[in-house]
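Before any comments, here is the structure.
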Amino acid sequence: MRHHGRHRLRQRRRRGVALTAAVLVLLGLGTQAASAAAGAVEVTAKLGGDPVTVRTVEPGQDAIVSFPAEAGQRALVEITDIRLGGMWVYLRDTTGATLRQVSCANGVECVLDTADLTASGRYSVYLDASQSSYGVATVRLHDVPPDVVAGYTIGGPATTISTDAPGQNAYLAFRGRAGQRVFTRVSAGTVGSITAYLLDPAGVSLGGGVCDVPCDIDATVLRADGEHRLLLSPSGVRTGSLTAQVLDVPADVEAVTGIGKPAPVTTTAPGQNARVLFDADAGAKVTVAVTESGFTTGRISLHGPKGEMLVSGDCTRNCALTGVPLTTSGTHTVLLDPTGAQTGTAVVTITVSAPDVLAVVVPGGDPVTLTVTEAGQNAAVVFTGAAKQHVSAVLSKGSLGRATASLRAPGGTVLASASCAVSCFLDVRSLPADGRYTLHVDPDGANTGSITVRVHDVPADAVVVAVPGGDPVPLTTTVPGQNAFADFAVKRGDRTFIQLTGGTFGNAPGYLRDPSGVDLALLQCASSCAFDAGAAATDGVHRIALDPQGADTGGITVTVYAVPADAIAHTAPGGGPVQVATGTPGQGATVVFDAVAGQRLSARLSGGTFGGSSSASAGLRRPDGSWLVNPVFCGVTCFLDAVTADMSGTYTLVVDPQGAAVGGITAEIFDVLDAAVDAEAGGDAVGVRTGTPGQNAVVSFHGAAGMRVSVRLTGGTFGTAATTLRGPDGGTLASAGSCGATCFADTVTLPVTGVYSVLVNPAGAAAGSATVQIHAVPPDATAAVTVGGGPAAVTVTVPGQNAAVTFDGVAGQAVTLVVEAGTGTTAYQLRGPDGTLLATRSGTAAVLVTIGPVMLTASGTQTLSLNPAAHAVGSSTVTAT
């Protein structure tokens, strides 16, 4: 709010600033200077003049806009087009003291609100950039004229008042007396958001704030006689009109009623409230209901004999405050406060709630059903508990709509609570003291219904001992809240695998804990789960902890396996297949072999019996234990494509069964040498053949810079193979995609002179043969026709070669082209003299193709291009009419 805001001062550690001359771009009025002492960009501007734009060029560099002013002038600072990052902006007076400050962000208009300039001299706007920010911002200094003041009489008609300049406020001035109540309404405006405050004769705010028009200041009691003002302050630099009214608020409507007697109340003036008074005794629980309401929104509150508020809430049309306990005997008050300027009628009825429903139970005894029949009535069960006793409560079969259940200690402390409309579960593992405990059920609002409650005396958690390598042991819980544990002792280095099967729980998280109680793993174990504990770090007892959720109980079988060393087989690249098998859950298998740096290796695994493709994984580790090939699913079969060993030593093919899977698999490591063949661009086709899984075929040829080549593969027996054309540096120039029996890589212009290669990479472990031909592609074939003349023939002789037919035309001429195609599927494009695309026909196999009529857009030579698909060749004739 202008003239009434509080401004936060910020302490700031001064940054070191490079003593480099700043560069300043200044748009509009102003002069440029560099402040060597501060390292800031400085520019002068005029109050009320044109905006200036400052530019900083070093991270953290600040900017200063200074301006002269006379005592009594007022200024508003507007900063726009901010591209300086985050910054603080300060308006400082002639002594350097801060008058206004604001934090500004990139791209967001920023305003330092109107400030009174009390002395003549030079003022400054300081733009304090963050340490890493620099850039531009535009600053405009508005000369703010005096505020607009209009006289008004309380209760008079709405008055419209306008502001003409950014930063200018409007005031509605009126006389009021101490104790008078007024309601203020801003009903219309053209300025959007405003700040509206009601000020007393001393200028102190009596109420208000920021609001979007229309808005109100609710009933306010004037504290003194004299001239009051309604301050209306448009936000930012907005100007425009506002329509406001100050109304006299009569005394609140008051009605006296008794318990159970409806009390109608009517408010007639904006800001007027309604009060309903009734007598009641301490200890009673009452429900206040508002019905037949003509108010769309408002607030309702219940106050005690001393005016203390007991409870309050929103009141949309009809509403209620239910089950409110009264703490003092005497006259109580219901206050109904309509929102804004609403007036109307409502009926208020106070009723005394029925006594709470109470039942006494014994932990471990039978369930009881609690039935709530009246709005505001609660229900409870009470029981005697002992210190450290473990109790749980199951609430079920509820029909309360919404309710809260809470278990309370003898002193009233809430030990556990839950939302409990239909069912819920409360679990307290250790009661704090001997005494009487209460399970309290509190229906929300006016809800009624019933719910069944059973309090359990929870026995000690179930604990069984399992032996690694021994028989399975059953683990069972019988009472809601009871947990279950399976303990097993291991020595350091022992490997174990724990499997839980046959579970009958609905929801039971399971934890693997080490001897120190640290959880090593968490799984959902309602029906089954498995933990691979690996090698124990220390001697001690490990534990499987099962935590059934809610009221869940059930059983599960626990088996702890003593895991032997991983199965191992030795081989050599190219040494033939070997078999590995696991017999215990958690056991892995490895195939080890030696390789030298630079050697290419592949691996094929087949015949897996682990139970499915995802029931095991396989990967290849380097001698240092890191992955050379990351694991892939390999429960039945998989192939690890050829990779190059990057160090010499012993490599390990790791087969890792998943979960409790066991089984066997056959593995073979291959020593891979690519099949290399030399060819000549434009020469004869060459045959390639691969025989080792992972082996590729490489066809090399010499190419000169600027030479055009295409590649064709035929007779392939690989099933699927990727074919790519590579440059001398190994980079891919073209790809033929996935090749089965045949494929084609279209024309590429070679960028440099050197040895190029065609790589044929069979998919997976496939082997086979193919024929590869490198075509030297001549320049595209050309011909010319005349519109209205005879046809022209054009011939494509080499796969990858295109053709072009030209003709002269004038702008606005309609031309039709007819092609008798002999190149099979062909794509056509017609372009104007400047390359503009005039018409296109995507790949068509038609023998007779008509393009047009096409309206030419420019005079000159037009070009029809013919691009045969894949390796097609042949002759075509073109006629233009």
Using a Förster radius of 45 Å, what is the FRET efficiency between THR504 and PHE633 based on their Cβ-Cβ separation? Nearest 0.05, please.
0.90
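So for ASP834, ASP457, fewest C-beta neighbours within 10 Å to most, what's the order?
Ranked by crowding around the Cβ, least crowded first: ASP834, ASP457.
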Under the Karplus curve 6.51 cos²θ - 1.76 cosθ + 1.60, θ = phi - 60°, whole-Hz ³J(HN,Hα) for segment 677-686, x wherever Gly or Pro sits
9, 9, 9, 10, 5, x, x, 6, 5, 10
Using θ = phi - 60° and the Karplus curve 6.51 cos²θ - 1.76 cosθ + 1.60, what whole-Hz ³J(HN,Hα) does each residue of segment 271-285 get, with Gly and Pro shown as x?
x, 7, 9, 10, 10, 10, 9, 8, 9, 7, 9, 4, x, 6, 10
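List the trypsin sites (Lys or Arg not before Pro) within segment 129-209 that DSSP assigns to loop and that have no more than 12 neighbouring Cβ atoms inside 10 Å.
Qualifying residues, ordered by number: ARG177.
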Looking at the square roots a ≥ b ≥ c of the eigenvalues of the Cα gyration tensor of segment 180-332, which shape do they give, rounded for a/c under 1.5, prolate if a/b is larger than b/c, or oblate?
prolate
Here are some values of Rg/Rh (Cα atoms, Kirkwood Rh): (i) 0.97; (ii) 1.14; (iii) 1.10. Which one was computed from this structure?
(ii)
For segment 223-339, give the magnitude of the charge dipole about the Cα centre (Cβ charges: +1 Lys/Arg, -1 Asp/Glu; no others), in debye to the nearest 20.
300
Charges on Cβ only, +1 for Lys and Arg, -1 for Asp and Glu, centred on the Cα centroid of the chain; of GLY445, ALA40, SER606, which one is farthest towards the dipole's positive end?
ALA40
Please give me, ordered by residue number, the trypsin sites (Lys or Arg not before Pro) of segment 424-496 that lie in loop per DSSP and have at most 10 other Cβ atoms within 10 Å.
LYS491, ARG492
Expected unfolding gain across ALA827-THR448 under the 0.36 nm per residue rule, minus the alpha-carbon gap, is 128.7 nm
Extension reserve of the ALA224-SER312 stretch, reckoned as 0.36 nm per residue once the Cα distance is removed:
28.6 nm
What full-extension length gain, to one decimal in nm, is calculated for LEU520 and THR384 as 0.36 nm per residue of separation minus the Cα-Cα distance?
45.1 nm
Could you tell me which of rounded, prolate or oblate describes segment 475-571, using a ≥ b ≥ c as the square roots of the eigenvalues of the alpha-carbon gyration tensor, with rounded for a/c under 1.5 and, failing that, prolate when a/b is larger than b/c and oblate otherwise?
prolate
Let's test the formula: R0 of 25 Å, r as the Cβ-Cβ distance of ALA562 and GLN658. What FRET efficiency results, to the nearest 0.05?
0.80
Dipole of the chain, Cα-centred, from +1 at each Lys and Arg C-beta and -1 at each Asp and Glu C-beta, to the nearest 20 debye?
1140
In the chain, if the dipole is taken from +1 on Lys/Arg beta carbons and -1 on Asp/Glu beta carbons about the Cα centre, which of GLY649, THR220, THR328 is farthest to the positive end?
THR220
For SER133, distant residues with modelled amide H under 5 Å away:
GLY60
Compute, for segment 666-782, the length of the dipole vector about the Cα centre, with Cβ point charges of +1 (Lys, Arg) and -1 (Asp, Glu) only. Units Debye, rounded to 20.
180
In percent, how large is the relative contact order of segment 781-880, given Cα pairs closer than 8 Å and 6 or more residues apart?
42
Percent antiparallel among DSSP beta bridges (both partners in segment 412-560, rounded to 5)
90
Roughly how many nanometres apart are two label points built 7 Å out from the Cα toward the Cβ at ILE259 and VAL422?
3.7
Work out the FRET efficiency for THR795 and THR714 from their Cβ-Cβ distance, taking R0 = 22 Å, and round it to the nearest 0.05.
0.45
With unit charges on the beta carbons (Lys and Arg positive, Asp and Glu negative) and the dipole taken about the Cα centre of the chain, which residue among ALA660, GLY706, GLY203 sits farthest to the positive side?
GLY203
Scan around VAL213 for amide H atoms under 5 Å from its own, H built in the peptide plane at 1.01 Å from N, and keep only partners 5 or more places away or cross-chain.
ILE194
Return the distance in nm (one decimal) between the two label points of a simple spin-label model at ALA572 and ARG177, each offset 7 Å from Cα along Cα→Cβ.
11.8
Read phi for every residue in segment 622-635 and hand back ³J(HN,Hα) as whole Hz from Karplus 6.51 cos²θ - 1.76 cosθ + 1.60, θ = phi - 60°, with x for Gly and Pro.
6, x, 8, x, 6, 7, 7, 10, 5, x, 10, 4, 7, x
Enumerate the amide H contacts of TYR651 below 5 Å, restricted to partners 5 or more residues apart or on another chain; note that Pro and chain-start residues carry no placed amide H.
PHE593, ASP594, ALA595
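Where a number appears in this text, it was derived from the coordinates with a stated rule and is not lab data. Bear in mind the structure is a predicted one, so any value in this text is a computation, not a measurement. Reconstructed Cβ throughout: ideal geometry from the backbone, glycine too, with neighbour counts over all protein chains shown.
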